[in-house]
Structure formats: C-alpha cells, structure tokens
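The values are calculated or read from the model by the stated rules, or taken from the named source; none is laboratory data. Since the model is a prediction, treat every value here as computed from it, not as a measurement. Reconstructed Cβ throughout: ideal geometry from the backbone, glycine too, with neighbour counts over all protein chains shown. Each accessible area value is taken on the protein alone, full model and side chains, heavy atoms only, with ligands, DNA and RNA left out. Shrake-Rupley method; radii C 1.70, N 1.55, O 1.52, S 1.80 Å.
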Amino acid sequence: MSETMSTNEEKKKPPLNGRRAFPPNNSNDEENEVPEMEAFGLIPRGFNPTDYLQVVDIYMFKEPQEINKQQHHTDKYYNPKLIVRRGQPFQIRIDFNRPYRPETDQFWLEYWMGRYPQQNKGTYIPILVGNVLKPGEWGAKITHRENNSIRLSIMSSATCIIGKFRLYVAVLTPFGILRTRRNSANDTYILFNPWCEQDAVFLDDEKEREEYVLNDVGIIFHGNVEDIRSRSWSYGQFEENILDACLFLMDKAELELSGRGNPIKICRVASAVINSRDDNGVIVGSWNNSYDYGIAPSAWTGSVDILLEYYSSKQPVRYGQCWVFAGVFNTFLRCLGIPARLITNYSSAHDNNANLQLDFFLDDEGKVDTRLTKDSVWNYHCWNEAWMTRPDLPIGFGGWQVVDGTPQETSDGMYRCGPASVQAIKHGHVCFQFDAPFVYAEVNSCIVFSRREKNGTQVIERINTTHIGQLIVTKEVGSDGMKKITEEYKFQEGSDEERLALETAMMYGVKKQTTQDTTYQPQTDIDMDFQVQKAVLGNDFKVTITFRNRSRNYYTATTYLSGNIVFYTGVTKNEFKKHSFSAKLEPSSSNSFDVGIKSSEYMSELLEQASFHFFVTARINETGKILAMQKATVLEIPTLRIKTKGELVAGKEMTVIVEFTNPLKQTLENVTLRLEGPGVLRTIKKQFRSIPSNSALTWEVKCTPIRPGLRKLIASLNCDALRHVYGELNVQIQKP
C-alpha cells in the first residue's frame, strides 16, 4: 500500500529544479488539492467529524443587487461569482450545523490562489476572526449572529493580489483541521480599487472614476491633425467571460501571481501580451494592407470579440493596428479596476534609436534616402494612459502613465512600452523607467534633415521643431467630446520651458546627436537651491530660489518654477503655478529670488493632504547648461481636539467632546464629523451645514465604553474644501 502511495506521489511531484524550492506559481487557473481533513497525527478510532462545528453552507451576497456588488461598484459584471475590490470590506454569511460558540469553537477563512500557494507570497491567506477591521489589511469580524448563522465582514489588503481566489472555511478540532469541500461557486474575484485611498490606483474624482473605470464604451480619435475623425469603440469590460479572459492574459504572460497586486508590473507585462510579437499575444499587427486569414483592423467595433476569441483559441487574433491594441488594452485595464483612457497623438514620431530626433537623410538631390532613413512619423498613434502611483520613482511622477501595446520597438528584449510617467515626459526627466525616452521622442522629437557630402561629412540642412506631437487628445469625461491634453505632455511650442525640458532630457542621458557627439559637461561653477516657506493651509507663502555663482563670470539664468498639487502618494493632480524669470548672476556672489504663492492660486484645486511638488529648472544662457531640482512639500492642516468628561469606567456613561476651529478664509459647508473608538463607542457621524471662517465647533457625544483598558478615540472632519483633518486621544478605561 505504502509503495503505491509513494510512486503516485512521485508522479505528482513537479520536476526538481535546483534554483527554487517551488515551481513558478504563475497561473491563476491551476489549483492545488486542499485536504478536507488535515490530521495532526494518528486519528483515534472513535473520531467523528460531525461532533464538531461543521459548515453547512456559505452565502456570498453575490447577486448584482446585493450589498457586495453594489458597494464595490462591480454590479455591472456579467459574472455570477462574488467580485469585490481590494482594501474595502465585504460580507458573507456562514451557516453551521449548530450555533457558533466563540469560547470553544475555532474557525478561520482561507483564500488560496494558484497551484503552489504560499503565505509569504500572498497566494495563501488565512484570516482569523477578530474584533476590529484595520483599513487596508486582511481581517474578518463577526457583524451578526443568529441561530446557527454568523455574518462576517471581511477586509482585504489594499495591496493584495488581483485575481480569482478559492475560499475555504477551516474548523479546528483536537485531531486536525476540517475544511469545507472545494466549491467553485464560492470563488471570489478581487480587483483594484480606485475608490480606496490606500490602493495604488486611487482616483479622487467620482466623475473620472465613472468614466475611466466604469464606462464600457469610448471614442477613438484618428485621421490627422488637419482632419480629425472620431469613432466609437466598445470596451465591454463587464461582458460575460471578459474578466476571466483578462486574468488569462496575465497567465499567458507568465506573470508570477505574487506580482499581480502591483499595477506597474501588470501594465508592463500586459503591454507585451496585447501584441503577438515574441509571446503569441492577443493581436497580430499588420500595416501592409494585406489581411489574409483574418479581419481588417478597421472592421473591429470593440474589444469583446477579440478577447473572447483569444481566450477560447489561445491563438493570436488577426489583425490590429494601433487603435485596436489600445482599445483592447483599455478593456483589460478597466476590467481589472485600473483607471485608463485611450490617447491619440497626432504626428507621432517613431524614433528608431531614441535619440530625440527623427533623422531624415537626404540624397544629393535633396530627397529622403529611404535606405538610410529608419525613423518615421505616424499621422496619429493611439496608446493608453493608466492611473497609478509610482513608488519606484521620486515623488511627483505618479498619476497618468503611458502604456502602449502596439509593437514598435523592443524594451528589455520584448515588444512593449511603459509604464512611463506623463509628468516625467513633460519635464524632460526621461531617466525614469520605463521607456520614457521613446515616448518623449514620440511627442517631442524635432525632425533633422541632413545630407552627406561626398567627403563623408554630414551637413544639417533643416530642423523642424514643431511638427511632432502637434496635438494630443482623449475623450472628455462624461461626454463624447474631444479633450486636448497636449499641455500635459509638453510645454508651449517654442517657449523657454519647452527648450528647458528638452535640455533636461538631454542632461538625463538621452543624447541628442549632433555631427560630433559631445559628452555632457555640467555647469560646475554655479549652485542652485530652493526653499519652500513653511505655511499653514489657507495662507500665502513663498518659494526662495538661491543661486551661488562661484566663478568670475557674469551669467544670466532663464529660470522656470512649476508648482504642482499632488496626492500624498506623489501623483500629480495639476500644475497650479507657473513662473518664469531671468536671473542676473553677479560674479562671486549669491542671489536669491522670491516667488510668491497666494492661497487663491492653490485653494480651489487643493487636494486632501495639501501636498505640493515644485520643479525648478534654470538654463545658464551663456553656456547652455541646465540646473534642475525638485522638492515635495506639505502645508500644515488644522487638527481636531478631543476631550472627555466624567468617569472613564467600563459600563458607565461618559462624554466625549470634539472641538474644531475653521482656520480658512472661507466658510466650510456640508461638513461631516465622524467619531469612533473600538471598545468605547461605535462609529457615529454628524453633519454640520456650515462652519464660518475662524469660528469654533463643539460636538458632545455620550457613550458607554464596553471594554476596559487603553483605548483610542479617533475623529475626522471632512468637507469639499478641507479633508484629512483628524484628531485622536488615548483613554484608559477602568474596570468597574
């Protein structure tokens, strides 16, 4: 008996690999066998599992009209299983064979994913039942008990893996762990959550979330800059089997399951798997007007047919061009919960060697030499932007990221592009991954026409700096109109800031070739620094830029300051301050220049945590050298004060007082205060219609603490003009 067992087990074992203890776990579809009885040792003869707590049924509240899909904005998915978004609680009910007794019964939930689940990889998640849910961390608590049933609120981690988890309920007995039987009806899909502040894809505008996550149709702009055309495209991210098809794309790309909580990684591998080059991905690109054995790119009306055909056949679908790749990519991103939009760049540069210029070589007669010219200009090119934080980059480069599934050039050995920060592209910071030089060239290159003389020297005949990236557009939020977003990618054509960004890009290692390649020599005899004055929210403040000229030369510096409002995650919302000036730098001296920031310039656009990000760039006109610097800063936000009145004894009534003074120059309207303290009081809310400028508010709450010990009271204030206002107080609750 034991011999046959061992040979069977040997057959099941994956082949040995000297590099890793586990085979790669990169398929969401594959499963491992989970034992229904996991014995701790020998099981005594009289053991009867029915003597212990048993799960009779699990109710998932998974219908579209029920609480989970409603609260998680997943009610549109045509999928019978539970679909929730990470970092936000959801409900399930467990029916046992008898009433649950917390003193003696112990059970927990288990979520499993893939063939080789491991706890440290996030593919095996045991969840013990506790008393309180921590925001953005795995946990479960009982919200309701009735007869043989309990209702649980489950919180998933705001960074957990995206995909389909298998749910088991495990019950502890003295002799082993009893688990529920595998039941695919209880599978739970977990998606990205743009509604959750801790999620890397958090987007703060409800109208934008409705457009960039929940809208399943879009407009594609094409044609050329003199003749703009538009067409509709059905993204269909909620249609039947599309969610499974999108998860399959990550399996196809062999993205390790443990990496699937990271939108940067997902976008990077998806930009490769959307095209069929080098990995048999979704769509075969064809630009040669011959579409044998397939469908012409212009014939597609949406993404659903393409994704479902690929999901069923596992073979690349023929054919696509840029807007088809972008349309399908948009479906993939929105389906998984990553905010996404489709972009059209008119007069798009296809730069073969990422040297920030398109080299058109002319022959003796002045015509383009097609043999030598490898670069190209597209009438228009479509790509996508996906919204996410970029913790891998310095602060300020989160927000919209360019991702492009159209196969143009290889990146790290595969046909893919992005994610590249739009903000980094605008300011010329092309050193930041991924593929920023390529995208920078697509929107910014100048076209250089050069001719080779008989003796081999190259003569530059003409440089066209305005042709490329003349217009960059996307669909408007909430309508089918066209929104121009050129200025999100580049400064005004011909402006000092634009030239500055180009020179910054060159400083960061992207060579702009001249006939003699000169190596970069920085300006060593001038230092630049800037300080942001500490300021309280609602007040004016200043930024002081200081130059130290250590040379004996007289210099002038064209200086540009860009002030950006950013999310606390470093994602830029918008630029609220632009200021250019010319600085005269006397020999051997320091010069300081103040730039005033008025509260009126930032208050209307301000985000919750009052975070700013400043870029200062200066060009020394005499040498052409660039000095560049960036800093993040946060304004001081007022806080709430919490006090208590009366004895602090469990079971006795006490009073909590919350106080706040409005420091702003404006009246706060529709203010919501929240107060909670686990073990002291349940969350309570109170609305205040208005709090005039400089006036105080006092809120008294009576409560009866339940549990003795050190507890924390937490209060928050929220309104459109002011967010992230908190107060907290530790209270020692005595035993009665």
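Couple of notes before you dig in:
- Solvent-accessible area per residue, Å², over segment 244-294 with all protein chains present [probe radius 1.4 Å]: 38 Å²
- Given a 1.4 Å probe and the protein chains as shown, Lys645 ends up with an accessible area of around 100 Å².
- Extension reserve of the Thr50-Gln666 stretch, reckoned as 0.36 nm per residue once the Cα distance is removed: 215.2 nm
- Evaluating 6.51 cos²θ - 1.76 cosθ + 1.60 at θ = phi - 60° for every residue in segment 662-668, the Karplus couplings come out as 6, x, 7, 7, 10, 6, 8 Hz, glycine and proline recorded as x.
- Note on segment 37-191: Rg/Rh from C-alpha atoms, Kirkwood Rh, equals 0.97.
- The chain, relative contact order [Cα under 8 Å, separation at least 6], %: 8 percent
- Simple label model, 7 Å out from Cα along Cβ direction - Arg552 to Val225, nm: 4.8 nm
- Here the extension length gained between His144 and Ser286 equals 45.3 nm, from 0.36 nm per residue of separation less the Cα-Cα distance.
- Distant-in-sequence amide contacts of Asn26, defined by a placed amide H-H separation under 5 Å and a gap of 5 or more residues or a different chain, comprise Leu257.
- Sequentially through segment 644-656, phi angles give Karplus couplings (6.51, -1.76, 1.60; θ = phi - 60°) of 10, 9, x, 6, 9, 10, 4, x, 10, 5, 9, 10, 10 Hz, Gly and Pro residues having no value and appearing as x.
- Remark: spin-label model distance Asn131-Ser153 equals 1.5 nm, labels positioned 7 Å along the Cα→Cβ axis.
- Under-5 Å amide H pairs with Gly223, H placed in peptide plane, nonlocal only: Arg229
- Relative to the Cα centre, the charge distribution of segment 37-191, modelled as +1 at Lys and Arg Cβ and -1 at Asp and Glu Cβ, gives a dipole magnitude of about 420 debye.
- Prolate/oblate/rounded label for segment 209-508 (Cα gyration tensor, a/c 1.5): prolate
- Potential extension, Glu622-Cys431 segment - 0.36 nm per residue separation minus Cα distance: 66.2 nm
- Where only DSSP H runs of four or more residues are counted, the chain gives -4000 deg cm²/dmol as its mean residue ellipticity at 222 nm, each run worth -39500 (n - 2.57).
- Hypothetical label at Thr104: residues of segment 136-160 whose amide nitrogen lies under 19 Å (7 Å Cα-Cβ projection): 146-150
- Percent accessible area from carbon and sulfur atoms, the chain, protein chains only, probe 1.4 Å: 47 percent
- Evaluated with a Cβ-only charge set (Lys, Arg +1; Asp, Glu -1), segment 641-733 carries a dipole of roughly 140 debye about its Cα centre, given to the nearest 20.
- For Val377, the residues whose modelled amide H falls within less than 5 Å of its own, excluding neighbours fewer than 5 places apart on the same chain, are His350.
- Of (1) 246; (2) 220; (3) 188, the label for volume of the Cα convex hull per residue in Å³ derived from the coordinates: (2)
- Rounded to the nearest 10 Å², the accessible area of Ser411 at probe 1.4 Å: 10 Å²
- Modelled label reach - Ser695, point 7 Å along Cα→Cβ, segment 662-676 residues with backbone N closer than 20 Å: 662-674
- If you take the Cα centroid of segment 116-142 and the Cα centroid of segment 415-459, the two points sit 46 Å apart.
- The residues of segment 37-191 expose, per residue, 46 Å² of accessible area to a 1.4 Å probe.
- Label-to-label distance for Glu493 and Ser582 is 2.5 nm, based on points extended 7 Å past Cα in the beta-carbon direction.
- Phi-based couplings in Hz for segment 313-324 (Karplus 6.51, -1.76, 1.60; Gly and Pro marked x): 8, 6, 10, x, 9, 9, 9, x, 10, 3, 6, 6
- By a 1.4 Å probe calculation restricted to protein chains, Arg209 has an accessible surface near 30 Å², given to the nearest 10.
- All-pairs alpha carbon distance profile, segment 641-733, 5 Å steps from 0, percent: 3, 14, 26, 23, 14, 10, 7, 3, 0
- Across segment 217-255, the residues whose backbone nitrogen lies under 18 Å from the label position 7 Å along the beta-carbon direction of Val477 are 217-219.
- Cβ-derived FRET efficiency at R0 56 Å, Glu647 paired with Ile295, nearest 0.05: 0.15
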